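First the structure, in the form of structure tokens, and then the observations on it.
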Amino acid sequence: MFVSDHRREPAAEPGGTPSAGPDSARSGRTRIVARAEASILHADLDSFYASVEQRDDPRLRGRPVIVGGGVVLAASYEAKARGVRTPMNGARALRLCPDAVVVPPRMSAYAEASKAVFEVFRDTTPVVEGISIDEAFLDVGGLRRIAGEPVDIAHALRVAVREQVGLPISVGIARTKFLAKVASAVAKPDGLRLVPPEGELDFLHPLAVERLWGVGEVTAAKLRDRGITRIGQLAQHGEAGLRPILGPAAARHLFALSMARDPRRVETGRRRRSIGAQRALGRRSREPEEIEAYLHGLTDRLGRRLRDAGRVCRTVVLRMRFDDFSRVTRSHTMPEASDHTETILRAARVLLATAMPMIQERGLTLVGLALTNLDDADAVQLTLPLEPRATATLDATLDDLRRRFGSAAVTRAALITRGEGLSVPLLPD
């Protein structure tokens, strides 16, 4: 079998020894702890877009490469060494790295490269959980008799990706998904890092608290104000000591991670819980009509993705980034789940109209749209008079035209001179 060998045991004390503890004794609940051996791999392609460009154009190898124009979509490690990051403004990136080669994105090439890499993943183990088009978790715990130790499997995986796809990839190996992901990040670029069970806390505790899932700028600032900059310092505070700083939920989550506790299995066949798209607008002022036109384009794109995946959504989320780099979201939950473009667009337009005074005051540099509360289209309850979902609709006709002649074959009049923007490749749903 290729499943994880998780088991239920009493919760562990900070030192790692299993113990029921007072809370566990009162409630009778037990905690799922991780497997005994490091057999979860986190495989992450290095600077994916930029690496594909360097692979396909030998003249770019060893040179700083920036993918994207107005906004940096990806940067090679040569450019990152000069301070270039995503999603940095393109002009700022060129000031930091004036000799960088800027190339336009080729989303179809990245999608093909991702497909080839995932074929290598699935040739390695049937238990693959894709996270994005350039990274995945792999469970190799059941492969020892036929493929060797996890570290040998990881070495073979890296060689196969390099030889078959021509791309560098970093791999972390650990007992848990969290530690495996941290290990792959530490191993970059083009490296491998094994975190043995007996060395987990020695590996984890010296790292910055930003390595913990859930620690963003706001949480990091709260921790820094208390002198907590390293994961080991956070662990020393204990869950109780973190509650006044972070609140009970975050304290429980981050303390568990700081002690290398993460019971999640590598799961296959999971469907995404949301889909989204966004468009960078630059820093010049935009008229409301132009912003609304971009919103129309995002809605068309997401509606097609919904229908292609056989999904419907209940909630529409408008995402905005302002000139001061702050971000705001607004959401609306519809009475019924839908994949109808115009229904989604009506909800999005209401959100945009409500946010327009804020946009005019603060300046908009990015607009995004996300659809959440997804469900299978064939699971939607019919409404009276219990008529089946219509198939000969405008949406279906436009979808068919775009499949046959390309996504740009039909577009809204407001987008003819502006274009629909980039469509980032996604993992199959």
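Only the coordinates and a few stated rules stand behind these numbers; no lab work does. Source: prediction; values computed, not measured. Using ideal geometry, Cβ is built from the backbone for each residue, glycine included, and neighbour counts are taken over all protein chains shown.
Projecting the Cα positions of Pro126, Gly172, Thr219 onto the charge dipole of segment 92-228 (unit charges on Cβ atoms of Lys, Arg, Asp and Glu, taken about the Cα centre) puts Thr219 furthest along the positive direction.
Taking amide H as placed 1.01 Å from N in the peptide plane, the amide H of Leu192 sits under 5 Å from that of Val171, each at least 5 places away or on another chain.
Ranked for footprinting exposure by Cβ neighbours inside 10 Å, fewest first, Lys181, Lys115 give Lys115, Lys181.
Would you mind checking segment 303-321 for residues with the amide N under 15 Å from a putative spin-label position 7 Å along Cα→C-beta of Met356? So the set is empty, nothing qualifies. Placing unit charges on the Cβ atoms of the charged side chains and taking the dipole of segment 23-144 about its Cα centre, the candidate lying farthest along the positive direction among Pro58, Gly68, Ala91 is Ala91.
Near Lys188, which lysines are there with a Cα under 18 Å away, not counting those fewer than 8 places off in the same chain? Answer for Lys188, where 18 Å is the Cα cut-off: Lys80, Lys177, listed by chain and number.
Taking Lys and Arg as +1 and Asp and Glu as -1, the other residues whose beta-carbon sits under 9 Å from that of Pro64 total +1.
Packing, taken as the mean count of other beta carbons within 10 Å per residue, orders the peptides 87-95, 215-223 from highest to lowest as 87-95, 215-223.
Give the aspartates and glutamates whose C-alpha is closer than 16 Å to that of Lys222, dropping any in the same chain fewer than 8 places away, or say none. Within the straight-line cut-off, Lys222 pairs with Glu210, Glu239.
Distances between placed amide hydrogens fall under 5 Å for Asp57 paired with no residue 5 or more residues away or on another chain. Each Lys and Arg contributes +1 and each Asp and Glu -1, all at the Cβ; summed about the Cα centre of segment 205-270, the dipole is approximately 120 debye.
For the pair segment 329-363 and segment 174-231, the centres of their Cα atoms are 37 angstrom apart.
Once the Cβ-Cβ distance of Ala250 and Arg122 is raised to the sixth power relative to R0 = 41 Å, the FRET efficiency obtained is 0.70.
Each of the peptides 68-76, 362-370 was scored by the mean count of other Cβ atoms within 10 Å over its residues; in descending order, highest first, they stand as 68-76, 362-370. Among Val171, Val101, sorting on how many other beta-carbon atoms sit within 10 Å of each Cβ, with the fewest leading, yields Val101, Val171. For Arg349 and Arg270, a Förster radius of 41 Å and the Cβ-Cβ distance give a FRET efficiency of 0.80, rounded to the nearest 0.05. A cut-off of 5 Å between modelled amide H atoms, ignoring neighbours fewer than 5 places along the same chain, links Ser331 with Leu318.
In terms of other Cβ atoms within 10 Å, Tyr77, Tyr294 run from fewest to most in the order Tyr77, Tyr294.
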